[in-house]
Amino acid sequence: MPALMSDTRRKKKTDPDLDLVTRSQSGDTAAFDELVVKYSPKLYGLIYHMTSNREDTNDLLQDVFAKAYKSINKFQGKSSFYTWVYAIATNMTLNFLKKRNRRRGMSLDDVDSAIEHDQEFIEITSKSDPVRETYIGELQKKLNEAMQTLSDNHRAVVTMYDIQGMPHTEIAKILNLSEGTVRSRLFYAHRQLQTQLGEFWTG
């Protein structure tokens, strides 16, 4: 019995969302709503930096959580819920970008560079950090344009690592890649961004 209790504690420590997930799998919509509230800010930032379009981001975010809710009973706890829902969001966004790129070439005119004036975006991503808020305000347009020069796959790793501060190991799990591949993509993406951003680049 002590060993079983230890395993349970270890699982809860590994995945702090375990209780909410278990309740969601039992049909508790309020528990799933808590997960939505918890992860909406980060997923919004992830999707926006990959699409550079607010309408697309809002639509995709709804689709991501709709899919997560429908698939919640398939979640077996082999990874954390955080990793699982990020994988859903990343895959859905990459698929969306492929379809969008087939329909039309992504023009820099399509980049939603006015986002720095969008209070909702600033609040949802800055966490009331005035330094980060200023950074977003000054560099968002330049960053958006530079990000659009990257391939979808390279944009994904840059968004996760540089913008959202995720470690290589977590990115590798989400994208189902080796850490070496993640590091390689970051290296080439950083080199391209350095060319695009010039004096703004600090990476």
Original post:
Does L150 qualify as being within 17 Å of T51 (Cα to Cα), in a helix (DSSP H, G or I) and touching a residue at least 40 places away in the same chain (Cβ under 8 Å)?
Top reply: no
Original post:
Would you say L94 is within 15 Å of I47 (Cβ to Cβ), assigned to a helix (DSSP H, G or I) and either among the aliphatic types (A, V, I, L, M) or at pLDDT 55 or above (or both)?
Top reply: yes
Original post:
Can you tell me how many residues in segment 53-79 are modelled with pLDDT under 90 and buried (at least 18 other Cβ atoms within 10 Å of the Cβ)?
Top reply: 1
Original post:
Quick check: is even one residue across segment 168-182 more than 19 Å from the chain's Cα centre (by Cα) and modelled with pLDDT of 85 or more?
Top reply: yes
Original post:
Among the residues of segment 138-151, is any over 21 Å from T57 (Cβ atoms), modelled with pLDDT of 75 or more and surrounded by 15 or more Cβ atoms within 10 Å (Cβ to Cβ)?
Top reply: no
**OP:** Collect the residues in segment 45-57 that are without any contact (Cβ under 8 Å) to a residue 40 or more places away in the chain and β-branched (V, I, T), keeping them in residue-number order.
**Re:** T57
**OP:** Evaluate the following for Q164: is it modelled with pLDDT of 75 or more and under 15 Å from T195 (Cα atoms)?
**Re:** no
Original post:
Looking at segment 58-105, which of the residues that are without any contact (Cβ under 8 Å) to a residue 40 or more places away in the chain and among the β-branched types (V, I, T) is nearest to L175 (Cα to Cα)?
Top reply: I88
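Scanning segment 37-52 for residues that are buried (at least 17 other Cβ atoms within 10 Å of the Cβ) and among the hydrophobic types (A, V, I, L, M, F, W, C), which turns out modelled with the lowest pLDDT?
In this case the residue turns out to be M50.
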Subject >> K42 being under 11 Å from the mean Cα position of the chain (by Cα), within 13 Å of Y82 (Cα to Cα) and in contact (Cβ under 8 Å) with a residue 12 or more places away in the chain >> reply: yes
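The values are calculated or read from the model by the stated rules, or taken from the named source; none is laboratory data. Small disclaimer: the values here were computed from a predicted structure and weren't measured. Neighbour counts are summed over all protein chains in view; Cβ atoms, including those assigned to glycine, are modelled from backbone coordinates with ideal geometry.
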